[in-house]
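Student: Please find one structure pasted underneath; my questions will follow.
Here, each number is a calculation from the coordinates, and none is a lab measurement. Everything numeric here is computed off the predicted structure, so don't read it as measured data. Note: ideal-geometry Cβ built from the backbone for every residue, glycine included; neighbour counts use all protein chains shown.
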Amino acid sequence: MKKVLIYILAFAFSLNVFARNIQAQSFDLMQYGVRIEPDRRLIVVLASLEAAGIETPLTAQGAEFRQKLQKDLQGLDNQLSEKLKFFIKQYKARHSDMTDAQIIAPFISMAYALTPVPDLADPSRSSDLPANLLEALDYAPLVREFYRRSALNTKLDEYVKDYQAAGDAMRPSTRQMVSQLLDYLHTKPQLTYAEKIKVEAKDPKNKKKTLQKTEIRERTRRFFIVPELLASKGTINFVNTGDDYFAIVPPATDLGASEVRRAYLQFVLDPLIFDNAKDISTFRDGIKALLDERRKTNPNISPDVFLAVSRSLVAAADAKQAEFEKTRLATSQARQKIDLMKTVDEKKAVSAELDRLRTSFADETALQLSEAYERGAVLAFYFAKQLKGLEDSGFDIASSMRDIILSLDTTKETNRLTEFADARNRALKAREDRKNNTTTQVSIIDNPVTVKLLEVDKIINTKNYTTAETQLKKLLEEYPTESARIYYALGRLSSLSAEGFPKEDLDKRNQRLLEAKVAYTNVIRSATANTDPALLSLSYVALGRIYEFYDDNDYALKIYEAAIKIGEVTGGAFNEAKAAKERLSKK
C-alpha cells in the first residue's frame, strides 16, 4: 500500500472540539456572526453616483448591471441629473488627487450613516462624524431626491434580487474563509456583548426624586458581507458602525484570497482587545515609544495604543494562518512525492525541497509582518510568535489572550525590522522573481485516489453524507491497496454525521458512531509496513475519543497509549494522545 497521507482530510477532522463542531454542522454562517446580504441604502447611493457621471471599472457582472441601470435611468429629470453631476464635479475639484474608486469610499460610509430606505434620513447626531464623511453627507439631500424621482423606487426590489444572487455565489468561499480562520484561532467569535448602562428612574417612595441605577443591556455583533454590483473591480471597502462590521465586495470575489480576511479577523479579535484593555494599559508607555519611533518616518501612523495592538494582532493572525495553510499543503504534497521516489537520495531531495518551501513561506510572513510593522502594527512580530505557540498547543486564543498580553516585553520589539531584514530581503527577491517568471509550476502529484478523496471531502463539507459514502465505498472497490486512506475518510464521514443528529435521535447517532469505530479500526487492521504512521496515529486518537464518549476510559487510555508509541510523527496526533492520556489519568 502506498504510504500517502491525505493530510488535508486528516486535518479537516480536527482533534479539537471546535473544529469538529464547525464542520459537523450545516455551517450556518450566522452562527459565526456572518450575514451575506445587499444593502438598499448603498444601492441607492451608488446608483446616484452613476447618474452623476462616476464610472469605475466593474466586474463583468457589474458591467451588465450598469447597462440595465443606465437604461432604467434614461427618464431621469434633467435638472436633477445636472445637480448630481455638479456636486460630484465640485467634489472632484476639491480632491483632484483621488481616483473615482477613492472618491466613492466616503460616499459608501455616508450610505451607512443614513436611515433605511425609503427615508434615507441624516443621522440624528452628525457633529461626531469625521470631516470626510461630513463632506459626503452634504450629498444626502440629493440622494433622497434621486430615490423619490427616479425609477429606482420601483426597480429596487428587482435590483436586490440581482445583488442577492451575487451574494449567494460568495457563500462557498465565505464558508471556507470563516472555517479556516476560526479553526486556526481555535475560537468562535463573540456575537453578543453585555454593556452596563446608567439610567434614571423615579423613586417609588418619592415621586419628585430620581434614582440612578445600572442596567445590563445585551448588544448583538454582526459581520456583513455586502455584495455590490457597482463596486469598483478589485476594490473592497470597509465600514464599522458600532457593533456592525460591513465589507462591501464586488461580485465574483474569492473571499478567502481577499482583504475580507482581515476584516473578519478584526471582527473576531476586537472583543479580545477590549476585554484585556486594562492589562494592555500597563504597557501603554512601551507601546507608545514604539509608535513614536515609527511616526518619525511615517507621521500618518495613529498614536492610538489600542489601535496599534488591534492592528498588530490582526496582521499577525492573517500572515501566520496563511503560512500555516501553505505549509500544511506543501507537507501533504511532499509525502505524495516521497511515496513515488525509489531511492534514499531522491527522497532526501524531496525533503530538502520541502524545507526550502517552508523557509520561503516563513520569509513571506516576515515580509508581511515587516510591512505591517512599518504601518504602525508594532507588535505584529510578537503576536506572530505567540500564535505559533497556539498552533502547537491548540488552545483557544480567547482563553490565552490575557497570558499573551502579560508576557509582552516591549523592549524586545524595537529591533524587529533589523532582526528579520534577511528574511524580508529574500521574500522581496522571491516576489520579484515570481513577477518575472510567468511559468506556473505544478508541484502536487496527480494521484487519482488523492484527487478523488479531495473531491469527496468537498461533498462531506456540504453535509451530503449519503453521496459521499457511496463514492467512498466505490473507491474501496476500485483501489483496495489504498483502503487505509479510504477507511479513514469513511470514519471521518460517520463521525461528522453522528454529531449532526439531535439528542433525541440517540439510536441513529450510536449507529453512526459504531460505523466510525469500525472504519477507524479497519484503518489499523489494513495497515502494512508501508502505511503512513501519521494516519495510524490519527486513527488511534479518533478511536480513543469515541470510547471516551461512551465513558469506556480504560480502553480509551490503552488506545491513546498505542498512538503515543507511534511517536511524534509529522501530521500525526502525538500531542493530542499525550494530552488525552494525562487527562484520563487524573480521573
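Student: With label points built 7 Å along Cα→Cβ from the Cα atoms of L514 and K71, find their separation and express it in nm.
Tutor: 6.1
Student: Return the calculated 222 nm mean residue ellipticity for the chain, to the nearest 500 deg cm²/dmol, obtained by summing -39500 (n - 2.57) across DSSP H runs with n ≥ 4 and dividing by the residue count. Before the final figure, lay out the partial values.
Tutor: Numbers: 26 runs with 371 residues, N = 587.
Rounded to the nearest 500, the figure is -20500 deg cm²/dmol.
Student: Also, I was wondering about something else. Determine the gain in length on full extension of the stretch E195-D157; use 0.36 nm per residue of separation and subtract their C-alpha separation, reporting nm with one decimal.
Tutor: On the way: separation 38, 0.36 × 38 = 13.68 nm, distance 3.65 nm.
Length gained between E195 and D157: 10.0 nm.
Student: Further question: What is the helix-to-structure angle for 397-406, meaning the angle in degrees between its Cα long axis and the longest Cα principal axis of the chain, kept from 0 to 90 and rounded to the nearest 10?
Tutor: Value to nearest ten degrees: 80.
Student: Compute the acute angle (0 to 90°) between the alpha-carbon long axis of helix 305-340 and the principal axis of greatest extent of the alpha-carbon atoms of the chain; round to the nearest 10°.
Tutor: Roughly 40 degrees between the two axes.
Student: Identify all lysines with a Cα-Cα distance to K209 below 23 Å; exclude those on the same chain that are fewer than 8 residues away in sequence.
Tutor: K196, K198
Student: Place the peptides 237-243, 518-524 in order of packing, highest mean first, counting for every residue the other Cβ atoms within 10 Å and averaging per peptide. Could the numbers behind the result be given before it?
Tutor: Working: 237-243: 15.9, 518-524: 20.1.
My ranking of the peptides, most packed first, is 518-524, 237-243.
Student: By how many degrees, 0 to 90 and rounded to 10, does the Cα axis of helix 100-113 deviate from the longest principal axis of the chain?
Tutor: Between helix and principal axis, roughly 90 degrees.
Student: If you average the C-alpha positions of the stretch 393-440 and of the stretch 298-367 separately, how far apart do those two centres end up, in angstrom?
Tutor: First find each Cα centre; the distance between them is then 10 Å.
Student: With the crude spin-label approximation of a point 7 Å out along Cα→Cβ, what separation in nm comes out for D275 versus T521?
Tutor: 4.1
Student: I would also like to ask the following. What is the fewest-to-most order of H186, H95 by other Cβ atoms lying within 10 Å of their Cβ?
Tutor: Numbers: H186 21, H95 14.
The order, fewest Cβ neighbours first, is H95, H186.
Student: Still on this model: From the list [x] 37.4; [y] 27.4; [z] 25.5, can you say which value of Kirkwood radius over Cα pairs in Å was derived from the structure given?
Tutor: This structure yields the entry labelled [y].
Student: Give me the percent relative contact order of the chain, please, defined on Cα pairs under 8 angstrom at least 6 residues apart.
Tutor: Values: 739 pairs, mean separation 91.4, N = 587.
With pairs under 8 Å counted, the relative contact order is 16 percent.
Student: If packing is taken as the average count of other Cβ atoms within 10 Å, what order do 288-298, 255-265 fall into, highest mean first?
Tutor: Values: 288-298: 14.0, 255-265: 20.4.
Going from most to least packed, we get 255-265, 288-298.
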